[in-house]
Each structure stands twice: as structure tokens, then as C-alpha cells.
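Following: one structure in C-alpha cells, then a few remarks.
The values are calculated or read from the model by the stated rules, or taken from the named source; none is laboratory data. Since the model is a prediction, treat every value here as computed from it, not as a measurement. Neighbour counts run over all protein chains shown; Cβ positions are idealised from the backbone, glycine included. Heavy atoms of the whole protein, side chains included, go into the accessibility calculation; ligands, DNA and RNA do not. Shrake-Rupley method; radii C 1.70, N 1.55, O 1.52, S 1.80 Å.
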Amino acid sequence: MSNVSRLPRWALLAAGLMLLTPAIAGQKIYTGWFSDVAIQGYDPVAYFTLGQPTKGSPDHTLTWEGATWRFANAKHQALFEATPDRYAPQYGGHCAYAVAKGDLVKIDPDAWSIVDGKLYLNYNASIQAKWEARRPAFIEQADAQWPKIGHD
């Protein structure tokens, strides 16, 4: 008989639920499940310079705020390294709409916008449409929520 089978059922259930809980809870920078790569490996600078989501390369990386950031090229890497706060997505790359609601949720790199020189990412296109409909109010709410929920 294995040690696992000796555990009470509630302990097995609790362990199973812990495995299903998103790893992003409490993470300052969104890296998703079992990874240290920020924003699913997309290049944050490309949103500004190319105007589109662009996958970063493992050949162009740096560590910032405890996460690995990938870039499409050396120029983007250098731009980010010089001024990371200019290019890093707001709320650590977590869904801006969810942060406004007090939660940390994953993103879809294709659901994005730049507002007043800041990059915002959202869970998906549907959530982004909701966020866009009341964007100023949601940014104000998210800015207020982020200090409470955006921690390591």
C-alpha cells in the first residue's frame, strides 16, 4: 500500500485543487503556469514599435522583476533594458479588466491596446471589448486595485 493511499480523501482533494489553481495568483509579473517567461514569450517592445504582437526569441532575453522577458531582436531587448517601465505592460501583464475587478488572470497576447503610451493586455477579445467600452473607469479601478493585489 502506497503512502498516497493512506492519506485522507480530503487531503487528496485539497492537493488536487492546489494543482488546478493558477500559478499566477499573487505573481507580480504574469508568467502563466509553471514558467518564468513573461507575457507568454511575446516581445513587449514590438507592441510599440511594430504595432502588433510578436513572439520573442529565446536568443534575446533578459530578466526583470523576477521574470524572463523575450524580444524579437537585440534592438528591442536593448530598448527594454534601458527603460523597462516604458515598455512593460501595465499590471505586470495580467489582464487589465480582471485587475480592475480585483483579480489576477492570464492574458491573450492578441488582446491588447496602447493607451497614453502604456500597454494593456486582456484575457481575450470579448473581455477586451468590455474593457474598451469603459476603459477610463476600468483603468482608474485597476490602478487602485493593483497595489493591493500586484505583489510577489
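Computed values, structure above
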quantity: Filter pass, His76 being crowded, with 17+ Cβ neighbours inside 10 Å and not in a helix (DSSP H, G or I); calculated: no
quantity: Any hit, segment 88-97, residues being closer than 22 Å to Glu140 by Cβ, out of contact with any Asp or Glu (no Cβ under 7 Å at 6 or more places or on another chain), polar (S, T, N, Q) and modelled with pLDDT of 95 or more; calculated: yes
quantity: Count of segment 91-107 residues which are buried (at least 22 other Cβ atoms within 10 Å of the Cβ) and within 23 Å of Pro58 (Cα to Cα); calculated: 4
quantity: Qualifying positions in segment 79-119 - over 13 Å from Phe48 (Cα atoms), of a type outside the set (A, V, I, L, M, F, W, C), without any contact (Cβ under 8 Å) to a residue 40 or more places away in the chain and assigned to a strand (DSSP E or B); calculated: Asp108
quantity: Selection count, segment 57-87, where residues are touching a Phe, Trp or Tyr at 6+ places or on another chain (Cβ under 8 Å), over 19 Å from Lys28 (Cβ atoms) and of a type outside the set (A, V, I, L, M, F, W, C); calculated: 3
quantity: Leading residue by the ranking (farthest from Leu121 (Cα to Cα)) among those in segment 38-58 that are open to solvent by 30 Å² or more (accessible area, probe 1.4 Å) and part of a helix (DSSP H, G or I); calculated: Thr49
quantity: Residue identified as buried (at least 20 other Cβ atoms within 10 Å of the Cβ) and not hydroxyl-bearing (Ser, Thr, Tyr) among Ala88, Ala82; calculated: Ala88
quantity: Residues located in segment 136-152, provided they are over 15 Å from the mean Cα position of the chain (by Cα) and either charged (D, E, K, R) or surrounded by fewer than 12 Cβ atoms within 10 Å (Cβ to Cβ) (or both); calculated: Pro136, Ala137, Glu140, Asp143, Pro147, Lys148
quantity: Asp116 on the phi < 0 side of the Ramachandran plot and acidic (Asp, Glu); calculated: no
quantity: Within segment 108-135, tally of residues that are open to solvent by less than 60 Å² (accessible area, probe 1.4 Å), farther than 15 Å from Trp146 by Cβ and touching a Gly at 6+ places or on another chain (Cβ under 9 Å); calculated: 1
quantity: Positions within segment 59-73 being under 23 Å from Lys148 (Cβ atoms) and either part of a strand (DSSP E or B) or hydroxyl-bearing (Ser, Thr, Tyr) (or both), in sequence order; calculated: Trp64, Ala67
quantity: Yes/no for Ala25 being of a type outside the set (Ser, Thr, Tyr), modelled with pLDDT under 80 and either open to solvent by 50 Å² or more (accessible area, probe 1.4 Å) or in contact with a Cys (Cβ under 6 Å, 6 or more places away or on another chain) (or both); calculated: yes
